[in-house]
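Reading through the structure tokens given below for one structure.
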Amino acid sequence: MTFQKTAVRLIAELLDAEFAGDERAEVTGVTHDSRQAGTGTLFAAIRGTTVDGHRFVADVMRRGAVGVISESDAPEDFQGAWLKVKNAREALAKAASIVYGEPSHDLKLVGITGTNGKTTTTYLCFALAESAGDQAAMLTTVEYRIGEKSEPAVRTTPEASDTNKFLREAVENGCRMAVMETSSQAIDLHRCDWLRFKVAIFTNLTRDHLDYHETMENYYDAKKRLFDGRLGEKPGSCVINIDDEWGAKLANELKEANQKVVTFAQNKAADLTAQNINVSLLKGTSFDLQTPAGNRKIESPLVGKPHVYNMLAATAAALELGYDLDKIVAGLKVCVGAPGRFERVASGGDFAVVVDYAHSDDALLNTLETARDLTDGKIITVFGCGGDRDKTKRVPMGEVAGNKSDFVIITSDNPRTENPLQIIDEIEVGVKNTDSPYLKISDRRDAIHEAIKRAQPGDVVIIAGKGHETYQIVGNDKFHFDDREIAVEALEKLKEI
């Protein structure tokens, strides 16, 4: 199916919707966002946690929308097409796929899910596609990119209407491959329904987002939907990290269902493995790659064993897409990964400063263990936890920081509407369970300055939690704040002393 005007009656039939209104109306776009509605738009009125889309029905119709998708009956005075469905989010995804001409069918689409590593693996898959000669597109936590065209990301995984519109644009701009992060919440909210994934990747599963999923079993089940066909279609290949206990469980369950599974690991036998891993803060990471397509020596600018998992995942996906192994090796050699993922800030001195996005206890553990492998000096860690987010990880993150650091500074992250001092006190409980000395400095700028001021030759300063983010959210206000810029500011001030 190509992108074309679609009769609203046909869409209603495909959605199995109760239909009322002008069946000849033609649809040229689908949206859940009333601000994007215009002539020819089909608007999905979704009841969210804070906003009910039905409030904007009159407004979108004035803007030229042809009709509404809703779980409710049409108002008596409504003029236009009304499609009553059982689940508006599911219907939004299917309608968007129909109206935008099923763009995922025209691309080698890769979906990546897991607690950690999604963003870096997405960047790696994008780089390997380009190394193989395919123009590519990607949807990440950091940016939405089609070839060289990029815009800042609004959320990790966009709503289904935005994703299908983006993929259609990618196709029309000559892309043959696309890769996207698929978060557990996005999967649960049907944002990835009716996308045809050539490859689906599982990186790992550790504690995070339990404020949303409540249990690890629910969290796992949300991830599993990317692989088992509950989104509409089963992926062509399932690439899974079997060093992760949840990954091993997933691989076994999918094999029992006769799905194609490609495994990767560092610590056990798998389809793709890495041996003789060497990590250097200055030279990056090297290892011996073993694959069904052959073995190669890998040299990468990425730093740390966690990135080896990301490279194994991306390599496995690239091989499943039919890319040549030597071109994959060449792509790994030049890909610098995602911003804010163990990103070194040029210090010009004799200690290292690293900014990392780690915002769960497992991610922080990986980051600090990577730092320990790279230095015989002290590790000074600055971190906080986000407000209005999963509170269960605060104490564990404090324990990880204390156990793996020589000095800890607990500070604010994005406190949002929570009291930042209360968040810091909750983290402190975990740090107190260790022997590490620590400070509490609520102002993040002051905390970063203090950490860098304390650093001695051979030390590593880890500034964790925000990574690529260029803002801080306090209350309902969002203002510019970049850990990397503040680190440079602190380093420059240090030179003046």
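The values are calculated or read from the model by the stated rules, or taken from the named source; none is laboratory data. Because the structure is predicted, anything quoted here is derived from the model rather than measured. Methodologically, a virtual Cβ is constructed for each residue, glycine included, from the backbone with ideal geometry; neighbour enumeration extends over all protein chains shown.
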Picking from Gly80, Gly67, the residue that is crowded, with 22+ Cβ neighbours inside 10 Å and farther than 22 Å from Leu195 by Cβ would be Gly67
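Please go through the stretch 283-317 and give me each residue that is touching a Gly at 6+ places or on another chain (Cβ under 8 Å) and closer than 20 Å to Glu181 by Cβ, ordered by number. Give the steps one after another, and end with the answer.
In the first step, residues of the stretch 283-317 are kept if they are touching a Gly at 6+ places or on another chain (Cβ under 8 Å); the result is 285, 299-303, 306-307, 309-310, 313.
Answer for the stretch 283-317, where residues must be touching a Gly at 6+ places or on another chain (Cβ under 8 Å) and closer than 20 Å to Glu181 by Cβ: Leu302, Pro306, His307, Tyr309, Asn310, Ala313.
So, restricting to strands (runs of 3 or more DSSP E) that lie completely within the stretch 27-115, which ones have at least 2 residues that are under 30 Å from Ser360 (Cα atoms) and in contact with a Ser or Thr (Cβ under 8 Å, 6 or more places away or on another chain)?
Details: elements: 29-31, 41-44, 67-70, 81-84, 108-113.
So the answer is 108-113.
Run down Ala74, Ala58 and say which single residue is over 29 Å from the mean Cα position of the chain (by Cα), surrounded by fewer than 21 Cβ atoms within 10 Å (Cβ to Cβ) and either closer than 30 Å to Glu172 by Cα or free of Cβ contacts under 8 Å to residues at least 12 places away in the same chain (or both). Walk me through how you get there before you give the answer.
Working: Ala74 fails: either closer than 30 Å to Glu172 by Cα or free of Cβ contacts under 8 Å to residues at least 12 places away in the same chain (or both).
Criteria check complete, one pass: Ala58.
Among the listed residues Gly348, Gly384, which satisfies the condition of being out of contact with any His (no Cβ under 6 Å at 6 or more places or on another chain), touching a residue at least 60 places away in the same chain (Cβ under 8 Å) and at positive phi?
Details: Gly384 fails: at positive phi.
Result of the check over Gly348, Gly384: Gly348.
Strands (runs of 3 or more DSSP E) wholly in the stretch 117-172 with at least 2 residues that are outside the structural domain of Tyr357 (by TED's automatic domain parsing) and buried (at least 24 other Cβ atoms within 10 Å of the Cβ) - which ones?
Details: elements: 136-139, 143-146, 149-152.
It comes to 136-139.
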Name the one entry in Lys283, Lys255, Lys305 that is of a type in the set (Lys, Arg) and modelled with pLDDT of 95 or more. Lys255
Every listed condition ((1) surrounded by fewer than 20 Cβ atoms within 10 Å (Cβ to Cβ); (2) at pLDDT 95 or above; (3) over 30 Å from Leu272 (Cα atoms)) holds for Gly229 save (3)
Residue that is surrounded by the fewest Cβ atoms within 10 Å (Cβ to Cβ) [pool: residues in the stretch 256-281 that are out of contact with any Phe, Trp or Tyr (no Cβ under 6 Å at 6 or more places or on another chain) and among the small types (Gly, Ala, Ser)]: Ala269
